[in-house]
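The values are calculated or read from the model by the stated rules, or taken from the named source; none is laboratory data. What you see is a predicted model; the values in this text were computed from it and never measured. Neighbour counts run over all protein chains shown; Cβ positions are idealised from the backbone, glycine included. In case anyone asks, the SASA skips ligands and DNA or RNA and just uses the protein heavy atoms, side chains included. Shrake-Rupley method; radii C 1.70, N 1.55, O 1.52, S 1.80 Å.
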Amino acid sequence: MINKKSFIILVLLLMATLFASAQQNILFLLPIDADKVNNSSIENINTQQDIENIFGKTLIHFWQGAQVAISELGDEGYDFNIIVRDITDASSLDAALKEFANQRIELIIAPVYGKLFPTVAEYGRKNKIPVVNPFSSRHDIIVGNPYIYKAYPSLSSRPAYISSHFPNANIILWTSAQHATHDAQAYEEYFTSRNIPFHKVTDSTFFGNKLSATKDNVVIACFNHPSSFTKGVHQALTSTSLPSYTWVIPEEWVETEEFNIENMNGLNVAYFANYFVDEADVNSRLFTYKYGEHFHSLPTIDNYAYQGYDITKFFLTMIANNYAIPTTQTLSYKFQFKRVEKGGYENVKARFIRLQDYEFKEEK
């Protein structure tokens, strides 16, 4: 007959077994390039370019942001078996996937180089494992594969936002055949397929004579050419009698030397962003504190630390809760997934950022 002490021990062992069996395996496939980082001498780091040479192609900061999210989930009572593999080429990827051939993986987070992703996607399809691609802009990665989650917002979400938030507006596409932005075709195809009227003017021509005096005007710059941009800004600033308009510019312009926030603040300027962080938000400030405390550096959009946090917190919460869409607060992404027919899931949430009082703020 089993005694009380033995019974308690047996129960505890059974609970431990059940808990262990419930632990979910999460696989991160990351181009960390640990060998290069480890072999780099701090004495050789003298400039920002030196830092870029060592860390520019590594996602170590993405992983550090992910670790903050994993720690928070642990504090909330979630328990995962986190597996990380450094993937820099086809051989390291093949070795990692073979390693887990006989082990159940619940989720793969794979910001691998583009040429390697089809291998990961096919592995996920064959083994019925959800695979998250945080950065690819290619729509075709979700076609025919119901296990892919494409976190990068679809380009069609931008014209969809314009048509929804500026109904019956006078739309002007300010375009260039030689210097077109990656979303230029998406605007034209979306408006054309839905019979939404729009004008087209080239980057060498000012759009002023296409503006309407009776409708809302939206001017969408679909080119990336510094001299045309500078010329356009000068004409916009000096043409004081023009009807009012919203000027949607490429996000890349904001980072250029030609972009003068003092001048641009006088115009109604906005842009679409794939990632945007409100650094004054309490959740962003808390993440920055935790990240700095652990890693003695600051998270940024450019080093992908925020994205690592968001992707990890959102998708691990989703997996742990039987694919229920989380209400988790994300910092740099906004997620609204739509499934394509016989395919995977694509984020269709557009982020519209407007310049107001010398600050960029997202319009909700």
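Here are the numbers for this structure:
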{"read-out": "Angle in degrees between helix 226-238 and the longest Cα principal axis of the chain, rounded to the nearest 10", "value": "60 degrees"}
{"read-out": "Segment Tyr358-Tyr289, length gained on full extension (0.36 nm per residue, minus Cα span)", "value": "22.3 nm"}
{"read-out": "Rounded to 5, the percent of DSSP beta bridges in the chain classed as antiparallel", "value": "25 percent"}
{"read-out": "Backbone HN-Hα couplings from phi across region 83-98 [Karplus 6.51/-1.76/1.60, Hz, Gly and Pro as x]", "value": "10, 10, 10, 7, 10, 10, 7, 5, 5, 5, 5, 4, 5, 5, 5, 5"}
{"read-out": "Cα-only Debye scattering, region 67-158: base-10 log of I(q)/I(0) at q = 0.14, 0.21 Å⁻¹", "value": "-0.57, -1.12"}
{"read-out": "Pair Leu237, Arg339: separation of 7 Å Cα→Cβ label points (nm)", "value": "5.2 nm"}
{"read-out": "Paired Rg and Dmax values of region 200-344, which use every Cα atom, in angstrom", "value": "20.3, 58"}
{"read-out": "Answer label for volume of the Cα convex hull per residue in Å³ (calculated), chosen among [x] 158; [y] 137; [z] 193", "value": "[z]"}
{"read-out": "Viscosity 1.002 mPa s, temperature 20 °C, Stokes-Einstein D of region 107-157 from Kirkwood C-alpha radius, µm²/s", "value": "198 µm²/s"}
{"read-out": "Under the Karplus curve 6.51 cos²θ - 1.76 cosθ + 1.60, θ = phi - 60°, whole-Hz ³J(HN,Hα) for region 206-222, x wherever Gly or Pro sits", "value": "6, 8, x, 6, 9, 6, 9, 8, 10, 10, 5, 10, 10, 9, 10, 7, 10"}
{"read-out": "Cα gyration tensor category, rounded, prolate or oblate, for region 171-225 with a/c compared to 1.5", "value": "oblate"}
{"read-out": "³J(HN,Hα), Karplus 6.51/-1.76/1.60, whole Hz, each residue of region 324-341, x for Gly, Pro", "value": "5, 5, x, 9, 4, 6, 9, 9, 10, 9, 10, 10, 8, 8, 10, 8, 7, 4"}
{"read-out": "Amide H contacts under 5 Å for Val84, placed H, 5+ residues apart", "value": "Phe28"}
{"read-out": "Exceeding the 28 Å Cα-Cα cut-off - candidates Lys115/Lys364; Lys126/Lys338; Lys128/Lys361", "value": "Lys115/Lys364; Lys128/Lys361"}
{"read-out": "Under-5 Å amide H pairs with Leu107, H placed in peptide plane, nonlocal only", "value": "Leu27"}
{"read-out": "For region 137-182: rounded, prolate or oblate by the Cα gyration tensor [a/c cutoff 1.5]", "value": "oblate"}
{"read-out": "Nitroxide proxy distance, nm - points 7 Å out along Cα→Cβ at Thr327 and Asn263", "value": "4.7 nm"}
{"read-out": "Probe 1.4 Å, protein heavy atoms only - accessible area per residue of the chain in square angstrom", "value": "53 Å²"}
{"read-out": "Interchain or long-range residues, amide H under 5 Å from Asn217's placed H", "value": "Asn170, Thr246"}
{"read-out": "Helix-only [θ]222 nm of the chain, DSSP H runs n ≥ 4, -39500 (n - 2.57) each, per residue, nearest 500", "value": "-11500 deg cm²/dmol"}
{"read-out": "Candidates Asn127, Asn195, Asn224: whichever shows maximal mean-square fluctuation once the chain is modelled as a Gaussian network with Cα springs under 10 Å", "value": "Asn195"}
{"read-out": "Surface share of carbon and sulfur [accessible, 1.4 angstrom probe, percent] for the chain", "value": "50 percent"}
{"read-out": "Cα centroid separation, region 239-304 to region 333-347 (Å)", "value": "25 Å"}
